[in-house]
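S.K.: This is the structure I have questions about; it appears just below.
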Amino acid sequence: MSSSLQQATIYLAQQNYDEAIALCEQAIATDSTSTYAYWYLGLALLLQDRESEAQATWLSAIAEVQPEQVEASTLELLGLLSSEVLKQEAKENWHQVWAIRQQIYELTPQDANNLLAMALLPAKLGSFWTEGKQALADAATLLQSGVMPSLRLELLLTTLEALNPLDRSSLNLFEAYLTAKVTLLDSFTVAAQQLMRVELRFAEAYYKLGLAWSAQGQTEDAIAYLQRTLAISPTYALAHVELGNIFLRQCEYELAIEHYQAAIALQPDLAHMSAKLALVKTHWQEIHTKGYQFNSDFFTESIPTWQQYLQTLAHKPGLQAIEIGSFEGHSACWLLDNILSDKAAHLTCLDTFQPPYNRLFDANITKTGAANKVTKLAGKSQEVLRSLPLNTYDLIYIDGSHVASDVLEDGVISWRLIKLGGLIIFDDYDYIFIRSAYYNPQSNSFQGLASYPSWSTKVGVDAFLSAFEDKIQILHKGHQVIVRKIAYQA
């Protein structure tokens, strides 16, 4: 290396790029075959943010060498860039680090280590997030294809640990890692504990995604993510619980029971799971015995609450009840089987009764053997309720429209219909209309975003509770809200 080129490297280290460029050009003028002069000239230009000029300088030098020397010359340039990027990283000059790594990528796009290092940079350079995602995608492709020359396993694990596990690009890289894991298993044994931490983080991410999709009613996606959770972490008991809940809502009782049993076996101290398992088994047997047919089950989990608070009404002579929102008749059948046993008891069911659910409702009510106790009123509850007699009913169950204003209107109209001492039940107090879901880094959770806050069922129920605060007794507040009328409207 000539003295002028040696001095140029000193100027580079001092970030005196103009002087470095002048000396490199002088070295080229003295000896145009000196590839190192071109490499350093290009590097100085790159560090001045003159990327296109740097690339042109390097390409012009490579174009002049003999074909058999191109590979060796490229390796020379890569060696210089790799050395320089480490120096810039030590100084935390992240903008320069990004620029150099981009050039390394241009020269050797299959360098997985460089791609992983690029993927780590967005945490330090927010403006480069798009390119960081592309680096993740390219690294994932390399892992899946098995093209991983000299892959630094510790860098892969560091990347997985550093990235947001709920980000799609990060999940793709993790999936690629799982694909390559078997091939790399021997090498990974030295990092077993670190691996376990990484895999648990992603198992938790899949679980949270499963919960988010489940809340949005995207059952197939929810099941897929929860099953991935268990594929990574077979002892993840809560994933079994949520799968059980999903299958319960789908009336796939055997699968629900299977997952509840698995959850209890893995974590015997899971609160309420043993009782829930017994409940599902018992109610499933009752459904089977009666021959009821339901396509969905959003009612079984409410049975313990109803058993507790409706026992004072059970078998009451001449009990009068209203159900707003009957769907397939699940809750109506339970009321007829367990509460409205008196011959003079009566249940008025309000619903739009659209096909095919109206046919299922009729068939299920017939199987109770108490169809004569049921009156069907089709239409919008806010209109139909106004035609019913005041101060007549012992129980009103509100499970129709979940829009806040509709829930509030149902509650207010029902107030005039319910007797003193009667009960009003609001369903789905925790229900929201979800437009999308997002990752909250502060709480490290995946959360739903309501379409409009005023659409939340809770808003309507809370408005009712506030307006009638001194005239009601709140008996229960959870997934459902149960209140007793203790005073007449003033």
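S.K.: Report the label-to-label distance for residue 107 and residue 231 in nanometres (one decimal), using points 7 Å from each Cα along the Cα→Cβ vector.
M.R.: 3.9
S.K.: Say each of residue 179 and residue 219 gets a label point 7 Å from the Cα, pointing the same way as Cα to Cβ; how far apart are those two points in nm?
M.R.: Going by the 7 Å Cα→Cβ label model, 3.0 nm.
S.K.: Using alpha-carbon pairs under 8 Å, 6+ residues apart, how would you state the relative contact order of the range 238-364 in percent? Mind dumping the intermediate values first?
M.R.: Details: 141 pairs, mean separation 26.7, N = 127.
Once normalised by length, the contact order is 21 percent.
S.K.: Follow-up. So between residue 6 and residue 272, what do we pick up on full extension, going 0.36 nm a residue minus the alpha carbon distance? Before the final figure, lay out each step's value.
M.R.: Numbers: separation 266, 0.36 × 266 = 95.76 nm, distance 7.44 nm.
That pair, residue 6 and residue 272, stretches by 88.3 nm at full extension.
S.K.: Taking the Cβ of residue 26 as the centre, find all other residues whose Cβ is under 15 Å away and add up their charges (Lys, Arg: +1; Asp, Glu: -1).
M.R.: With Lys, Arg at +1 and Asp, Glu at -1, the neighbours total -4.
S.K.: Translational diffusion coefficient, Stokes-Einstein: compute it for the range 205-290 using the Kirkwood radius over C-alpha pairs as Rh, at 25 °C and 0.890 mPa s, and state it as an integer in µm² s⁻¹.
M.R.: Details: Rh = 13.0 Å.
Using the Kirkwood radius from Cα pairs, D works out to 189 µm²/s.
S.K.: If we sort 311-319, 394-402, 294-302 on the protection proxy, mean other Cβ atoms within 10 Å, highest first, what's the order? Write out the running numbers ahead of the final one.
M.R.: Working: 311-319: 13.7, 394-402: 23.8, 294-302: 18.0.
Order by mean packing, descending: 394-402, 294-302, 311-319.
S.K.: Rounded to the nearest 5, what is the percent of antiparallel bridges among the DSSP beta bridges in the chain?
M.R.: Values: 15 of 34 bridges.
Expressed as a percentage, antiparallel bridges in the chain total about 45.
S.K.: Same structure, new question: What is the extension gain from residue 91 to residue 153, computed as 0.36 nm multiplied by their sequence separation minus the C-alpha to C-alpha distance, in nm to one decimal? If you can, show how the numbers build up before the last one.
M.R.: Values: separation 62, 0.36 × 62 = 22.32 nm, distance 2.42 nm.
Extending this stretch completely gives an extra 19.9 nm.
S.K.: Moving to a separate point now. Ranked by Cβ crowding within 10 angstrom, fewest neighbours first, how are 41, 12, 157, 475 ordered?
M.R.: 475, 157, 12, 41
S.K.: Let me ask another. Among 341, 145, which comes first, second and so on when ranked by fewest other beta-carbon atoms within 10 Å? List each step's numbers first, then the result.
M.R.: Values: 341 15, 145 12.
If I rank by nearby Cβ atoms, fewest first, I get 145, 341.
S.K.: Note down the relative contact order for the range 1-95 as a percent, whole number, built from C-alpha pairs under 8 angstrom at least six residues apart.
M.R.: That works out to 19 percent.
S.K.: Could you pull out which residues in the range 309-338 have an amide N less than 14 Å from a spot 7 Å beyond the Cα of residue 419, following the Cα-Cβ vector?
M.R.: Of the residues in the range 309-338, 312-322 have backbone N under 14 Å from the label point off residue 419.
S.K.: Continuing with the same structure: Quick one: of the DSSP bridges fully inside the range 300-485, what percent are antiparallel, nearest 5?
M.R.: Working: 15 of 34 bridges.
Given both bridge residues lie in the range 300-485, the antiparallel proportion sits at roughly 45 percent.
S.K.: Leaving out same-chain residues fewer than 8 places away, which aspartates and glutamates sit with a Cα under 18 Å from that of residue 343?
M.R.: Once the sequence-local aspartates and glutamates are set aside, what remains near residue 343 is 394.
S.K.: Listing 273, 118 from the residue with the fewest other Cβ atoms within 10 Å to the one with the most, what is the order? Please list the in-between numbers first.
M.R.: Details: 273 19, 118 25.
The fewest-first ordering by Cβ neighbours comes to 273, 118.
S.K.: Would you kindly state how much longer the chain becomes between residue 366 and residue 383 on full extension, computed as 0.36 nm times their sequence separation minus their alpha carbon distance, in nm to one decimal? Provide the component values of the computation, followed by the final result.
M.R.: On the way: separation 17, 0.36 × 17 = 6.12 nm, distance 2.68 nm.
This chain segment gains 3.4 nm when fully extended.
S.K.: In addition: If we sort 378-388, 106-116 on the protection proxy, mean other Cβ atoms within 10 Å, highest first, what's the order? If you can, show how the numbers build up before the last one.
M.R.: Numbers: 378-388: 15.3, 106-116: 19.0.
Ranking, from highest mean packing down: 106-116, 378-388.
S.K.: Just how far, in whole angstrom, is the range 1-67 from the range 287-347 if you go by their alpha carbon centroids?
M.R.: Measuring centre to centre over Cα atoms gives 85 Å.
S.K.: In whole Å, what three semi-axes, largest first, describe the equivalent ellipsoid of the range 300-485 built from its Cα gyration tensor (square root of 5 times each eigenvalue)?
M.R.: Working: eigenvalues 164, 75, 52 Å².
They are 29, 19, 16 Å, listed largest first.
S.K.: Suppose each label sits 7 Å from its Cα in the direction of the beta carbon; what would the residue 75-residue 359 distance come out to in nanometres?
M.R.: Roughly 7.5 nm, to one decimal.
S.K.: Just the number, please: Stokes-Einstein D of the chain in µm²/s, Kirkwood Rh from C-alpha pairs, 37 °C, 0.692 mPa s.
M.R.: Calculated translational D: 117 µm²/s.
S.K.: Residue by residue through the range 231-242, which ³J(HN,Hα) values in whole Hz follow from phi under the Karplus form 6.51 cos²θ - 1.76 cosθ + 1.60 (θ = phi - 60°), with glycine and proline marked x?
M.R.: So the J values, rounded to whole Hz, are 5, 7, 10, x, 9, 6, 4, 5, 5, 5, 4, 5.
S.K.: Which ³J(HN,Hα) values in Hz, rounded to whole numbers, follow from the phi angles of the range 336-349 under the Karplus curve 6.51 cos²θ - 1.76 cosθ + 1.60, where θ = phi - 60° and Gly and Pro get x?
M.R.: Calculated HN-Hα couplings, in order: 5, 6, 10, 10, 8, 7, 5, 4, 8, 5, 8, 10, 9, 10 Hz.
S.K.: Using Cα pairs closer than 8 Å and at least 6 residues apart in sequence, work out the relative contact order for the chain, in percent. It would help to have the intermediate numbers written out before the result.
M.R.: Numbers: 693 pairs, mean separation 34.0, N = 490.
Relative contact order here is 7 percent.
S.K.: Taking amide hydrogens as modeled 1.01 Å from N in the peptide plane, which residues meet the under 5 Å criterion relative to residue 322, leaving out close sequence neighbours?
M.R.: 348, 395, 396, 397
S.K.: Once you list every other residue whose beta carbon is under 13 Å from the beta carbon of residue 164, what net charge do they have if Lys and Arg are +1 and Asp and Glu are -1? Don't skip to the answer; put the middle values down first.
M.R.: Working: positive: 133, 168, 201, 208; negative: 161, 167, 204.
Around residue 164, the surrounding residues sum to +1.
S.K.: Something else: Which number do you get for Rg(Cα) / (2.2 N^0.38 Å) in the range 40-187? Let's see the in-between values first.
M.R.: Values: Rg = 16.1 Å, N = 148, 2.2 N^0.38 = 14.7 Å.
Normalised by 2.2 N^0.38 Å, the Cα Rg of the range 40-187 equals 1.10.
S.K.: Output wanted: per-residue J couplings in Hz (rounded whole) for the range 363-379, from phi through Karplus 6.51 cos²θ - 1.76 cosθ + 1.60, θ = phi - 60°, x for Gly and Pro.
M.R.: Going residue by residue, I get 5, 5, 5, 4, 6, 6, x, 10, 4, 5, 8, 10, 10, 9, 10, 8, x Hz, with x marking Gly and Pro.
S.K.: With Cβ to Cβ distances under 12 Å as the rule, what net charge do the other residues near residue 391 carry (K, R +1; D, E -1)?
M.R.: Values: positive: 416, 419, 485; negative: 394.
Around residue 391, the surrounding residues sum to +2.
S.K.: Next question. So what is the calculated 222 nm ellipticity per residue for the chain, using -39500 (n - 2.57) for each DSSP H run with n of 4 or more, over all residues, to the nearest 500 deg cm²/dmol? Before the final figure, lay out the partial values.
M.R.: Working: 21 runs with 284 residues, N = 490.
Rounded to the nearest 500, it is -18500 deg cm²/dmol.
Read-outs throughout are calculated quantities, based only on the coordinates presented, and are distinct from any laboratory measurement. Keep in mind that this is a model prediction, so the values were computed, not measured. As a convention, Cβ positions derive from the backbone with ideal geometry for all residues, glycine included, and neighbour counts pool all protein chains shown.
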